[in-house]
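K.L.:
My questions all concern the structure below.
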Amino acid sequence: MDQRADIFSFGCILYEMLAGHGAFQRDSPADTISAVLAQNPPELSHSDRPVPPMVERLVLRCLEKKPAARFHSASDLAFPLETLSGGVVADSHAEGATPGLSGATTGWRKALFGAAGLA
């Protein structure tokens, strides 16, 4: 195993933050493990919380079954996260910048902001 296993775990957390439920959550632990190994998560666009297609693609890339298809490292993931969150992470480190979401209050933007900070 390498850091791409961490990327998968990160994708699971980000999916849950965006959808409000686990990507592979099933009725029993055995069914959940089976889903992790063999099934794709439900599309985020079908959840009660609207998620832009670009955000969904990023999350699904983190959740790819084949490790080679995932982001290879957290730094590979950080750039698209910062881009999708509006560059808030990079901007908030500038001298005199006010940390925050620049008026953005949507749930997916807050989740990406937090995720970008972690990455």
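Readers should treat all values here as calculations from the given coordinates under stated rules, not as data from a laboratory. Computed from a prediction, not measured in an experiment: that's the story for all the values here. Cβ coordinates were reconstructed from backbone atoms using ideal geometry, including for glycine residues, and neighbour counts include every protein chain displayed.
K.L.:
What's the extension gain from residue 35 to residue 66 if we count 0.36 nm per residue and subtract their Cα-Cα distance? Could the numbers behind the result be given before it?
P.N.:
Values: separation 31, 0.36 × 31 = 11.16 nm, distance 1.45 nm.
Gain on stretching residue 35 to residue 66: 9.7 nm.
K.L.:
Going by how many other Cβ atoms sit within 10 Å of their own, how do 56, 16 line up, fewest first?
P.N.:
16, 56
K.L.:
Right, something else. Label points 7 Å out from Cα along the Cβ direction at residue 1 and residue 43: separation in nm?
P.N.:
About 3.1 nm, to one decimal.
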